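Remarks on the structure that follows.
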Amino acid sequence: MTEKNKNYWQSYFDKKAKEEDNIYKRVGFVSEKNTELVRNTVRSYVGKPVGKKIMDAGCGDGMVLSHLAQDNEIDGYDFSKNMLKLAAEQGLNPIYSDLTNPDLPFENYDIAISVEAVTLLPDPIQTLIKIAQSVKPNGVAVFSVLNKFSIIRGIASLIYKYALKKTLPQKVSYFELKACMAKEGFSLESATFVYWLPGIYLNSSASRFTTLKLLFANNIIFKFRKNENQ
Ligand SMILES: C[S@@+](CC[C@H](N)C(=O)[O-])C[C@H]1O[C@@H](n2cnc3c(N)ncnc32)[C@H](O)[C@@H]1O
């Protein structure tokens with residue numbers, strides 16, 4: 001993230017946290033139903049832990065895991081101070097951190113999540129790996145990212161780039177993330193493809209992987225587990 005980009009996104013999220021009442025628009029999401037599909041999948045992958053140490057990287061207002069805050073210790077990392085204030089109200093421990101170059105504790109957490117936060121960074125996969133390295137052996141890392149192979153996102157990126165002279169957030173390759181995480185000692189336990197077009201919202205497990213699923217999914221949610229013997 002260039003300094004200009006970083007300042008832009010920091011003020012964008014600071015302003016949203018302060019002025020936007022809609023809980024979806026507040027964290028920059030366009031579609032309410034899509035956001036709920038993503039969040040519910042992330043929540044089901046995290047389960048109902050008790051007494052665990054959890055990290056939410058790019059936590060925004062903390063709503064994704066707020067239901068677990070009473071029974072667990074959740075550190076919320078973000079670079080928007082106003083978002084962190086909202087996250088603290090949800091029971092998260094607010095930690096100011098720039099995920100472009102995060103200084104995260106090694107093997108400190110039982111569970112780490114990051115939902116649609118690294119898409120604004122220059123190298124999303126490198127950041128996801130750093131987040132994953134903070135998970136203990138046998139711990140879990142759950143990531144929600146924009147699908148690099150989505151046809152719809154591809155067309156939108158072209159329109160933005162050539163007609164509007166703007167860039168859309170970064171997308172992540174299913175294959176590249178899986179391969180990079182394997183090198184770090186993580187196995188892919190589950191993945192879900194999320195589809196949405198106006199009026200159509202669907203979730204589909206990647207257990208029966210098909211190219212068609214990959215081409216039409218807007219978001220992908222991954223659940224990785226760190227191997228015990230790492
Ligand atoms: C799209 S919102 C998602 C928030 C939350 N994960 C959720 O799903 O509701 C992205 C969040 O990432 C944070 N963020 C973006 N770039 C960041 C960076 N470089 N360092 C730390 N936080 C960042 C923003 O402040 C914002 O709160």
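Here, each number is a calculation from the coordinates, and none is a lab measurement. Treat the numbers as computed from the prediction; the structure is a model and nothing was measured. For neighbour counting, all protein chains shown are included, and Cβ atoms are generated from backbone atoms with ideal geometry for every residue, glycine included.
Go ahead and set up a Gaussian network model of the chain, Cα springs under 10 Å, then flag whichever of Ala69, Ala117, Ala141 fluctuates most.
Ala69
Nearest 5 is fine: what % of DSSP beta bridges in region 98-230 come out antiparallel, could you say?
Taking every DSSP beta bridge within region 98-230, about 75 percent pair in antiparallel fashion.
Nearest 500 deg cm²/dmol is fine: what mean residue ellipticity at 222 nm does the chain get from its DSSP H runs of n ≥ 4 alone, each adding -39,500 (n - 2.57), divided by its residue count?
Computed ellipticity for the chain at 222 nm equals -9500 deg cm²/dmol.
Using a cut-off of 15 Å between beta-carbons, work out the net charge of the residues near Ser80 (Lys and Arg +1, Asp and Glu -1, Ser80 not included).
-1
With a length cut of 20 Å (Cα positions projected on each helix's long axis) and a Kyte-Doolittle mean of at least 0.0, go through the chain and give me the DSSP H helices that pass.
Helices passing the filter in the chain: none found.
Please list the radius of gyration and Dmax for region 3-226, considering alpha-carbon atoms only, with Å as the unit.
16.5, 51
Please give the length that would be gained between Ser190 and Lys165 if that part of the chain were fully extended, namely 0.36 nm times their separation in residues minus their C-alpha to C-alpha distance (nm, one decimal).
Gain in length upon complete extension: 5.3 nm.
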